[in-house]
Amino acid sequence: MAKRVLFGQDLHGPLLEEFGSSLAYWDQSTLRLLDLEADILCEGHFGIYGGKKSVANYIHSFRRQYGVD
């Protein structure tokens with residue numbers, strides 16, 4: 001069975017106004033990423049996460065940090 005690999009650079013932010021970040025857009029984007037149900041996440045700064053549950057947990061952890069989960 002084929003695996004879904006997500007390359008998600010900077011999922012963790014930072015979400016800073018001076019960078020033009022939008023929490024609302026980030027919220028929508030991370031929900032879309034969760035809908036992909038990726039098997040593997042390659043996150044540029046924090047490594048590689050394997051398993052759908054690990055990938056979802058990683059994304060949810062930052063959604064909670066930013067208060068949208």
| query | Does at least one position in region 19-29 carry a residue that is small (Gly, Ala, Ser) and in a helix (DSSP H, G or I)? | reply | yes
| request: Would you please name the residue that is nearest to residue 69 (Cα to Cα), looking only at residues in region 32-50 that are among the aliphatic types (A, V, I, L, M), touching a residue at least 12 places away in the same chain (Cβ under 8 Å) and in a strand (DSSP E or B)? | output: 41
| said: Considering only region 2-12, I want to know if a residue exists there that is of a type in the set (Phe, Trp, Tyr) and assigned to a helix (DSSP H, G or I). | reply: no
| task | Give the residues of region 47-69 that are among the small types (Gly, Ala, Ser), more than 17 Å from residue 5 (Cβ to Cβ) and loosely packed, with under 12 Cβ neighbours inside 10 Å, sorted by residue number. | result | 67
| query | Which one is modelled with the lowest pLDDT among residues in region 16-46 that are under 14 Å from residue 5 (Cβ atoms) and loosely packed, with under 12 Cβ neighbours inside 10 Å? | reply | 44
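The values are calculated or read from the model by the stated rules, or taken from the named source; none is laboratory data. Here the structure is a predicted model, which is why all the values come from computation and not from measurement. Backbone-built Cβ (ideal geometry, glycine too); neighbour counts: all protein chains shown.
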